[in-house]
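Beneath this line is the structure, given in structure tokens, with notes to follow.
The values are calculated or read from the model by the stated rules, or taken from the named source; none is laboratory data. Owing to the predicted nature of the structure, the values given are computational and were not obtained by experimental measurement. Note that each Cβ is placed from the backbone with ideal geometry, even for glycine, and that neighbours are counted across all protein chains shown.
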Amino acid sequence: MADTAREVMETRFFTLTPQHTLGQAARAFAEASAATGRRVFGMMVVDAQGRLVGMLSLYDILLAIRPKHIHLWGEMQDLELEGLLDRACCQAAALRVGDVMTTDLITVEPDTHLLRVIDLMLKKHVRRLPVVEQGRLLGMVYLSRVFDYLLDRLTAALPEGEGEGVHPA
């Protein structure tokens with residue numbers, strides 16, 4: 001085993017463009033989740049030439065919906081919240097992906113060692129890393145895939161007969 005990003009990267013991925021609205025992005029997240037059979041919480045954003053220009057994540061969307069000046073208004077319990085979420089969603093649905101996406105991206109190459117990938121994910125607090133080679137987008141490394149890979153390796157490292165005795169509560 002090479003223990004590189006290539007070993008764990010997902011090569012089937014979905015992208016958005018900066019011109020998509022957050023409403024369209026929400027639909028794309030739902031369609032990607034249905035197509036992959038797992039919940040999708042972030043997508044790469046590409047320009048017309050297919051170059052990576054940003055990422056849109058659940059966090060970016062939550063920041064767009066959360067009232068921007070909440071800290072000036074007081075605590076959430078001090079606010080009249082009735083209807084506020086609906087109004088925030090209606091406004092956010094029309095925002096462009098390019099206006100809220102993260103553009104300060106961290107990428108890895110396919111031959112980046114998994115220990116380096118893990119180090120980047122932990123230090124930068126990211127759950128997904130685009131895999132790029134010579135400017136071409138190849139895939140995405142998800143923290144959950146790295147974890148599954150490590151679980152397999154940890155299990156394989158157990159001496160024969162160990163690991164028994166764990167039972168659900």
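General observations
- Within the stretch 1-13, the residues that satisfy the criterion of being of a type outside the set (Val, Ile, Thr) and outside any strand (DSSP E or B) are MET1, ALA2, ASP3, ALA5, ARG6, GLU7, MET9, ARG12, PHE13.
- As a summary of the residue check, THR102 satisfies the conditions (1) polar (S, T, N, Q); (2) more than 19 Å from the chain's Cα centre (by Cα); (3) at pLDDT 90 or above except for the one numbered (2).
- Residues of the stretch 1-20 classified as aromatic (Phe, Trp, Tyr) and touching a residue at least 60 places away in the same chain (Cβ under 8 Å), total: 1
- Exactly one residue among LEU122, LEU129, LEU114 is surrounded by 10 or more Cβ atoms within 10 Å (Cβ to Cβ), at pLDDT 95 or above and in contact with a Leu (Cβ under 7 Å, 6 or more places away or on another chain), and that residue is LEU129.
- The set of residues in the stretch 14-39 that are within 16 Å of the chain's Cα centre (by Cα), in a loop (DSSP other than H, G, I, E, B) and crowded, with 20+ Cβ neighbours inside 10 Å is empty.
- Considering the conditions (1) within 26 Å of ALA64 (Cα to Cα); (2) loosely packed, with under 11 Cβ neighbours inside 10 Å; (3) not basic (Lys, Arg), GLN134 is excluded by exactly one of them, (1).
- Residue count for the stretch 40-53, restricted to those that are more than 12 Å from LEU137 (Cα to Cα) and surrounded by 12 or more Cβ atoms within 10 Å (Cβ to Cβ): 4
- Of all the residues in the stretch 112-144, those that are within 21 Å of PHE14 (Cβ to Cβ), of a type outside the set (Ser, Thr, Tyr) and under 12 Å from the mean Cα position of the chain (by Cα) number 9.
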